[in-house]
Amino acid sequence: MTNRLPAAVRESIPPALGIAICFLLVPKLAAPTALESIASWMPMLWLLAIGQLLVIVAGAVDVSVGSILGFATMALGMFLKTHPDAPVALSFAVAAGVGLVAGLINGAIVGYLKVPPLVTTIATLASFRGLAFMVSGATTITGSVVSDSVTNLASKGVPIGSYTVPWILIFAILAALAMDFAVKSLPKLRSVYAFGSNAEGAFRRGISSSSIYLLVFGLSGLFAGFAAVAYLSRFAMAAPGSAGVGLELSAIAAVVIGGAKLSGGTGRIFPVTLGCLFLSVLNVSLAVIGVGADWQLLVFGLFLLAALGANRTADPSKNSSSATGSRKAA
């Protein structure tokens, strides 16, 4: 019966049910403090997932985004250390620039050197983490370094009754709307879906795999840079060894829970948004009921396994090895 529903609706049902169950089982989630915690946690994941979505639509995967976030966060922190009065727009530009360059490096390795995406991003996961240590001198960015213009993104916003919508969440909403519009309107982004569905057929129609990989990994890095600003605004500190660690798996889980197929060719912003919201609500739910951080990681891992299993069952005709980049397009 659900097969008769539009694809976007079908893909939205699982995360929406998960969100509803969390609120039913943990009524304290409706408290303003819990809602604010959800709103401050979600932008990081949401921005990462938006970038990850197009990579997965192309039939690839980027496991380096957590390290790119860490690298961009440390670079931004060092920039703020020497430019404490920099406007917030410049902070976004610095972090986004670092993320974009890192993403383009991934895209060039995959697209031009023909190294499989999973292999490439496992290698750059370590490399970008090393750069995070190098750019920061292996020191922690403390609250005294992070400017008010950055921390205010998470602590201030638009008041709605007893609740405040943080500026960084508003930025994430606008970024998601812009990406959704771009995917529906720009032929180059539409070609990513054609490539993910049938790489060889797309190549015969003149779609270059190199340009596709450069585009999607570049965007993934760009949004990881945006997520770095969200990270620093929320925590007001960052350590090179921990900033962004594990967020790449959460981003992949959010995209898969939102209905994107690891075999490529499908994926929509709105269901992925619900996937991000579900994981954000789940994260705060576990904290509210007193579940420790280690157990939270276990729960997230189990949900990722369940989502991957459902993904595989729903699309048995395609080999999931496409996520490692084993595509034959030139």
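None of the figures in this text is laboratory data; all of them are computed from the coordinates on show. Computed from a predicted structure; not experimentally measured. Because the Cβ atoms are built from the backbone with ideal geometry, glycine has one as well, and the counts that use them run over all protein chains shown.
Values as computed for the structure displayed
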| item | result |
| --- | --- |
| Exceeding the 28 Å Cα-Cα cut-off - candidates 28/184; 188/261; 81/114; 28/156; 184/261; 156/261 | 28/184; 81/114; 156/261 |
| Axial C-alpha extent at least 18 Å, average Kyte-Doolittle at least -0.5 - helices from the chain (DSSP) | 7-25, 32-57, 65-82, 88-112, 117-136, 167-185, 209-235, 269-288, 293-314 |
| Alpha carbon Rg of region 138-215, scaled by the compact-globule rule 2.2 N^0.38 Å | 1.75 |
| Two-site label geometry, residue 184 and residue 162: point separation in nm, points 7 Å out along Cα→Cβ | 3.6 nm |
